[in-house]
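Please read the structure below before turning to the comments.
The values are calculated or read from the model by the stated rules, or taken from the named source; none is laboratory data. The structure presented is a predicted model; accordingly, all values stated were derived computationally and were not measured. Virtual Cβ from ideal backbone geometry, glycine too; neighbours counted across all protein chains shown. For accessibility, only protein heavy atoms count, side chains too; no ligands or nucleic acids. Shrake-Rupley method; radii C 1.70, N 1.55, O 1.52, S 1.80 Å.
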Amino acid sequence: MRRRTSLVLLNTLSLSRLPLVALFIAWESPLVRVLLVMAAALTDFLDGWIARHKHLESYWGALIDPLADRAFVMVALLTFVLEKQLTPVEFGVLVMRDVATGVAFVVARLVPRLRPVRFQARMLGKVVTTLQLVALLVVLLAPALVRPLVVLVGLTSLASVVDYAAMVWRSAARLAAEADGRLPSSSRRRVA
């Protein structure tokens, strides 16, 4: 498969989460919604797995995939708030990491010394995304477990935000040291 065709496939897999969330809003059947959450999780897994194993990374893919993830999760969670299956506070805790990451990205684009830092997914962030998808399933299948899961997502989100902030500051310090000649440029690593 040609690289361009493969990238189109990956971006299509990512973008497929947008019609899935539209269907999530339209159908109130718990079974249909469980299947839609599982389909969204599968497309997320597949596009990530293919990209890693085929070494297919692109600027657009790195932008589309997390935005599609966030759109699916946030809209589905907001749907539950509107249907009174989640409280606004639970919603806030469940999306806290996403809001913090979005604010951090904007700040990093505005602060000159942070602009060169390359933003990439971190393991704790992936854990939070997985827990968010589990939270969607728990709301549908085991509502009594929502509150403990929200607490777990909240704690994991805090750890993820701290981890991400530390990575950004370390990367910015390393890039500044390299630019000032305090570190040889041969020591440059991919910032992640």
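Structure above, values below:
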| item | result |
| --- | --- |
| Cα-based helix-to-principal-axis angle, 3-15 vs the chain, degrees rounded to 10 | 40 degrees |
| Per-selection Kirkwood Rh - the chain (Cα, Å, 1 d.p.) | 18.1 Å |
| C-alpha long axis of helix 146-179 to longest principal axis of the chain, angle in ° | 10 degrees |
| Protection-proxy order for peptides 83-94, 101-112, each taking the mean of Cβ atoms within 10 Å per residue, highest first | 83-94, 101-112 |
| Cα gyration tensor shape of region 6-65, rounded if a/c is under 1.5, else prolate or oblate by comparing a/b with b/c | prolate |
| Residue 115 - accessible surface, heavy atoms, 1.4 Å probe, Å² rounded to 10 | 120 Å² |
| Cα-centre dipole for the chain with unit charges at Cβ (Lys and Arg positive, Asp and Glu negative), debye to 20 | 880 debye |
| For region 38-131: rounded, prolate or oblate by the Cα gyration tensor [a/c cutoff 1.5] | oblate |
| Helix 88-110 vs. the chain, principal-axis angle (Cα, 0 to 90°, nearest 10) | 20 degrees |
| For q = 0.16, 0.17 Å⁻¹, Debye-computed log10 I/I(0) when each Cα of region 85-192 counts as one equal scatterer | -0.74, -0.80 |
| Residue-averaged [θ]222 nm for the chain, counting only DSSP H segments that reach four residues, each worth -39500 (n - 2.57) | -26500 deg cm²/dmol |
| Å² per residue, accessible surface of region 10-144 at 1.4 Å | 55 Å² |
